[in-house]
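The structure under discussion appears below in the form of structure tokens.
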Amino acid sequence: MTEHEIIRGCKQGVSVYQRELVERYSPMLFTVARRYGRDRHAAEDILQDALLKVFRAIPKYEPTGSFEAWMRRIVVTTALQSLDKGWHQRESGNLDYAEEPIVPPDIFSQLGAEELLQLIAKLPEGFRQIFNLHIIEQYPHTEIAVMLGITESTSRSQLTRARRLLQSMIAEREKIKI
Amino acid sequence: MNEQNFDNKLRDSLGDYRSKLDTGALWEQLEPQLAADKKRRRGIFWWWSGAGALLALGAWAWFALQNPKSVSSSPDRTVESQTVTQLPETVATAQGTQSAAHTMSETTTPANQVEETPETEKEAIGAKPKQTPVVEMPEQLVSKLPKSASKPGSKRNLNPTTPLKQSTPPASNQTPANLTASRPTNPVVMAPGLPSDAGAVQEPGFAQQQKTNTIAQLENAPISGVSSSMVAGETQAIAPLSPLAWLELKSLLTTDQMPPVLPVMLAKPEKKAAKTDLLIRPNFEIGYTFKMMDREYADSLPALQARLGSEEALEYLHGNLLLGARHRTGWYALTGLGYTRITERFSFNTERTERDSVDGITEIYINAQGDSIFTEGLVQRTRHISYRKRTYSSYTLLDVPLIAGYDWEKGRWSYGAEAGIFLNISLKAKGDALDRYSDFVRLEDTDWFKPRIGISYYGSLRIGYALDDKTRISLGPTFRYVPNVTETNYTQRYGLLGLNIGIARRF
């Protein structure tokens, strides 16, 4: 079953194609949801809501770009809608102590994606959102500022802090291993 | 590792990673909701079809009530219709038939007009003769008669040169039926008693009007009703007015110059009172909102309690424009477009304490030389978070009301009741609420509320007062029940109790 056939079947509301879409794409979309959710349970809720939105919006989908990217964007939007925007204000001003920790260059070969996801999930919620949006989805700070209702400078400073915090968590994990 | 490398490595590691997930279980959760979506879409289709059919039926019923019978199917109407069409061509010969000997020599009556007069008309007129007043017309008005009143050669007017067709028997032999057969059906100007060369109007085509100075409305006038002065032999000519001439005459006459008969002649034939009136009624309503929330699943109780504790329903405003029909028995049906806005207050206070361990300075040692030596380690960090929020939320509904009602009119006052349903075609929510994690969420960012069609139930008692014979102001208490509006694990219903005021105008 090709991607084109799945899209066409889902537009017609045929459940066989809908199921195929879920089975083929939901593991990838679940990774996106996990990066934003505070835990696995929250990520499952995000994914479920996002898939419903995908099925409701797919009749209007026009294949001008990547279908996967379109679905990822829906997951990200759903995740942001389900999260608390007040965290940005509450979390600013903390973690000023953090200096740039030393992260060994080969750290990512030792750390699996699953472990990285677990570490990202430990980031405070506001940091996690900005970190994901900028580092993984590669949204510019101007767009992140609009999406989250914060200033561009807040986005930049929180990204720096989030990055340092994640690096320190990685370094800490390595220390524990040693 | 610099920032760029760190970011790239991280992106590469997570970019294509696929988490383990039980897709079968996920599908089992999704499938019922997708099936419900499909069913809902079908429901929307049927709702719209039903509403469309109802409107079409209402429109058809209204038009049918306005025009109860077609013209051709009614004998009475046939008479009226033929009379109207023959109006310009029928020559006034009512009195002419009485004195046919001298009238016929000067007037032309197309013979076929007598033959064309429908039998139904003859019978109707013969059975119930009516008298038409004859009014003397001032001479100065006669002098103002338009030139077009009678043009030579005009098909619609008298032509003295046209040979007379003997279409009616002599007056002495007239029977009522025969007389009514030649009854003229249009306004006629007559001027008895004037010499033929003494008319104020010298136009050749108006020669006959010089002999007349009486305006008689002969329509519906049987011979038995003709004035004796007319029969006395003074009348020498009868000139019908063409429609154009009649309009010109009307424009020349001022109201006080107009003979008493003219308003009757000029007045439009009175329509039969319509059984059904078109009704337009704008309404405004304000009242108090009762909000009812419940949960569908046991595990959503804490979240429900959080919402119940943070949301308080306030007032609502409603306005609509209704259009419909009212039968003279007092029953009416209305539909239109309505807008409702429900206001709520969201207030939430919370305080919490978070504790965790972070790297920090655990000890500062100052040696004898005065240097500070820092010892770093894990320190406990405690955060007290206090949050207070108070905002106003709104729910806006766009509705198509379908209302039926009855009112009993007594003098200027009326008393009635009405009930119906409102088809909700749009629902928008704006404001704040708590989600299932007791976190703040913007309502407009959620998909909690149904964007689809829904139904609410409406009832009202009304008391009205007529401002004039067409306009009536009415007010009364209303109640509206709005069933569940959410798609969450809660049910969220509203009761709207208010006061409605409307102004109805009939057409």
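The values are calculated or read from the model by the stated rules, or taken from the named source; none is laboratory data. Keep in mind the model is a prediction, meaning the values are calculated, not measured. Cβ sites come from the backbone with ideal geometry, for glycine too, and all protein chains shown count toward neighbours. When the accessible area is computed, the model is the full protein with side chains, heavy atoms only, and any ligands, DNA or RNA have been set aside. Shrake-Rupley method; radii C 1.70, N 1.55, O 1.52, S 1.80 Å.
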Exercise. Counting only residues that are at pLDDT below 85 and open to solvent by 50 Å² or more (accessible area, probe 1.4 Å), how many does segment B:334-349 have?
Worked result: 1
Problem set entry | Of all residues making up segment B:317-347, the number that are outside any strand (DSSP E or B) and in contact (Cβ under 8 Å) with a residue 60 or more places away in the chain | 1
Exercise. Can we say B:L266 is at pLDDT below 70 and either open to solvent by 90 Å² or more (accessible area, probe 1.4 Å) or within 34 Å of the chain's Cα centre (by Cα) (or both)?
Worked result: yes
For this session: Go over the candidates B:R412, B:R480, B:R442, B:R472 one by one and state the one that is of a type in the set (K, R) and over 28 Å from the mean Cα position of the chain (by Cα).
Result: B:R442
For this session: Pull up segment A:114-140, narrow it to residues that are part of a helix (DSSP H, G or I) and open to solvent by 20 Å² or more (accessible area, probe 1.4 Å), then point me to the one that is farthest from A:R173 (Cα to Cα).
Result: A:H134
Exercise. For segment B:461-488, what are the residues that are of a type in the set (A, V, I, L, M, F, W, C), closer than 21 Å to B:N500 by Cβ and touching a residue at least 40 places away in the same chain (Cβ under 8 Å)?
Worked result: B:L461, B:I463, B:A466, B:V482
Exercise. In segment B:45-57, which residue that is exposed (fewer than 13 other Cβ atoms within 10 Å of the Cβ) and at pLDDT 75 or above is farthest from the other protein chains (Cβ to nearest Cβ)?
Worked result: B:L57
Exercise. Out of all the residues in segment A:26-52, which are more than 7 Å from chain B (Cβ to nearest Cβ) and surrounded by fewer than 21 Cβ atoms within 10 Å (Cβ to Cβ)?
Worked result: A:R38, A:D39, A:R40, A:H41, A:A42, A:E44, A:D45, A:D49
Exercise. In segment B:294-316, what count of residues is obtained for those that are in contact with a Ser or Thr (Cβ under 7 Å, 6 or more places away or on another chain) and in a strand (DSSP E or B)?
Worked result: 5
For this session: Find the strands (runs of 3 or more DSSP E) located wholly in segment B:404-507 whose residues include 1 or more that are under 22 Å from B:W331 (Cα atoms), and list them.
Result: B:413-430, B:454-466, B:471-482, B:490-506
Exercise. Do any residues in segment B:1-20 that are over 14 Å from A:E114 (Cβ atoms) and facing chain A (nearest Cβ under 7 Å) have Cβ atoms under 8 Å from those of residues that are open to solvent by 80 Å² or more (accessible area, probe 1.4 Å) and assigned to a helix (DSSP H, G or I), where the two are at least six apart or on different chains, and which pairs are they?
Worked result: B:M1/B:K9
Exercise. Condition test on A:Q138, is it within 12 Å of chain B (Cβ to nearest Cβ), among the polar types (S, T, N, Q) and without any contact (Cβ under 8 Å) to a residue 40 or more places away in the chain?
Worked result: yes
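One line per residue, one yes/no per condition, for (1) more than 14 Å from chain A (Cβ to nearest Cβ); (2) free of Cβ contacts under 8 Å to residues at least 24 places away in the same chain; (3) not polar (S, T, N, Q):
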{"position": "B:Q369", "(1), (2), (3)": "yes, yes, no"}
{"position": "B:L398", "(1), (2), (3)": "yes, no, yes"}
{"position": "B:Y406", "(1), (2), (3)": "yes, no, yes"}
{"position": "B:G420", "(1), (2), (3)": "yes, no, yes"}
{"position": "B:D447", "(1), (2), (3)": "no, no, yes"}
{"position": "B:G459", "(1), (2), (3)": "yes, no, yes"}
